[in-house]
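The structure appears right after this line, and notes come after that.
The values are calculated or read from the model by the stated rules, or taken from the named source; none is laboratory data. From a predicted model like this one, the values you see are computed outputs, not experimental measurements. Cβ atoms come from the backbone with ideal geometry, glycine included; neighbour counts cover every protein chain shown. The area values use the complete protein model at the heavy-atom level, side chains included, leaving out ligands, DNA and RNA. Shrake-Rupley method; radii C 1.70, N 1.55, O 1.52, S 1.80 Å.
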Amino acid sequence: MFRHKGEKRNFIHNLRLATLLSLVAGIVNVTGVFAVKTLTTNVTGHFAYFAEEVIKQDYQAAITFFVFTLFFLFGAFTSNFLSELISKKKPELSHVIPIGIEIIILVGVGIFGSKCDLSILAGKSIAFAMLFAMGIQNSLVTQISKSTVRTTHLTGLFTDLGIELSQLFFYKKPEEIKQLRTSIFLRLSIISFFFIGCVAGGFIYKKLELKTLFIAAFFLLIALVYDYIRLQFFVIRRKTMNY
């Protein structure tokens, strides 16, 4: 799911990555909205709010929205920096530390956030942490899939989906149609699982509140364990074939 990169990836690799992590992003997104009334999986809306607060001359609020974008950016930077650093010695493990950090953040917010009264300061801190975590995830997924998969926001996905649906009317070669339908199916899968994550996460939030993030962290842990098991399987098979 994570180990194969760029041209080594196939449709199944991308589909597994897309469905699981878009589900995680959907859960995180709705949890952020319910808990701190903030979008935590993308920063597009925060620029609009930033501009609005500047016009209203509420500079304190404007700075907050600007810092939201910086935490997402810093998460993306941290993810890729660590991946590049680790890949020099252990390329097959370059994803482990970024995903591990994301899991720790989500679990930490679930534990400590549940003990807070979600005052303005606590609410902002939670939003900062969740945006940082989603910056990590979006950067990692983008880097691994060479921008084929994005899981934390849907604007670009709907744009690409609209383009590809229109191309169905013009592409006639069998190989072109096959490739186009594969891409459309992948984008629909991401959108569907993000939606499922949002809806399911919303219902779960009514029971668990911020502890809903434990479920998102659990899915990430499953992804790491799955990749580790498959890595060990291939290592054992390679050793067996060499004997």
> When the C-alpha atoms of the stretch 1-60 are aligned to their principal axes, what extent does each axis show, in angstrom, from largest down?
Replying inline: 51, 25, 14
>> Just to confirm, what accessible area per residue do you get for the chain at 1.4 Å probe, in whole Å²?
In response: 56 Å²
> Where is the GNM fluctuation largest for the chain (alpha-carbon springs, 10 angstrom cutoff): I190, I27, I63?
Replying inline: I63
> Dividing the Cα convex hull volume of the stretch 1-129 by residue count, how many Å³ per residue is that?
Replying inline: 119 Å³
> What is the set of long-range amide H partners of L154 at a cut-off below 5 Å, with H atoms built 1.01 Å from backbone N?
Replying inline: none
> Across all directions of projection, what mean area in square nanometres is found for the Cα convex hull of the stretch 91-174?
Replying inline: 8.3 nm²
> Relative contact order, percent, of the stretch 139-243 when contacts are C-alpha pairs under 8 Å separated by at least 6 residues?
Replying inline: 16 percent
>> If DNA, RNA and ligands are ignored and the probe is 1.4 Å, what is the ranking of T148, T69 by accessible area, most exposed first?
In response: T148, T69
>> Pairs of alpha-carbon atoms within less than 8 angstrom and 6+ residues apart define the contacts here; what relative contact order does the chain have, in percent?
In response: 36 percent
> How much FRET efficiency would the formula 1/(1 + (r/R0)^6) give for K146 and R238, where r is the Cβ-Cβ distance and R0 is 30 Å, rounded to 0.05?
Replying inline: 0.70
> How would you rank 9-18, 217-226, highest first, on the average number of other Cβ atoms within 10 Å across their residues?
Replying inline: 9-18, 217-226
> In the stretch 85-164, which trypsin sites (Lys or Arg not before Pro) fall in coil by DSSP and have 13 or fewer other Cβ atoms within 10 Å?
Replying inline: K88, K89, K115, K146
> How many nm separate the modelled label positions at I163 and L221, each set 7 Å beyond the Cα in the direction of the Cβ?
Replying inline: 3.9 nm
> So, in Å, what gap is there between the alpha-carbon centers of the stretch 174-243 and the stretch 47-104?
Replying inline: 22 Å
> If you look at just the Cα atoms of the chain, how large are its Rg and its Dmax in Å?
Replying inline: 19.4, 73
>> Using each residue's phi in the stretch 139-146, evaluate 6.51 cos²θ - 1.76 cosθ + 1.60 at θ = phi - 60° and report the 3J(HN,Hα) Karplus result to the nearest Hz, with x for Gly and Pro.
In response: 5, 4, 5, 4, 5, 5, 8, 6
> Among residues other than A200 whose Cβ falls under 14 Å from its Cβ, what is the net charge (Lys/Arg +1, Asp/Glu -1)?
Replying inline: +2
> Ignoring any ligand, DNA or RNA, what whole percent of the accessible area of the chain comes from carbon and sulfur when the probe is 1.4 angstrom?
Replying inline: 69 percent
>> What distance in nm separates the two pseudo spin-label positions at L93 and F11, each 7 Å out from Cα along the beta-carbon direction?
In response: 3.5 nm
> Which ³J(HN,Hα) values in Hz, rounded to whole numbers, follow from the phi angles of the stretch 33-44 under the Karplus curve 6.51 cos²θ - 1.76 cosθ + 1.60, where θ = phi - 60° and Gly and Pro get x?
Replying inline: 5, 5, 7, 10, 6, 9, 6, 10, 10, 7, 10, 4
> What's the extension gain from A48 to F77 if we count 0.36 nm per residue and subtract their Cα-Cα distance?
Replying inline: 8.2 nm
>> Can you return the lysines within cross-link range of K56? Criterion is Cα-Cα under 29 Å, with same-chain partners fewer than 8 residues away left out.
In response: K37, K124
> Add -39500 (n - 2.57) for each DSSP H run of 4 or more in the chain, then divide by its residues: what number comes out at 222 nm, to the nearest 500 deg cm²/dmol?
Replying inline: -27500 deg cm²/dmol
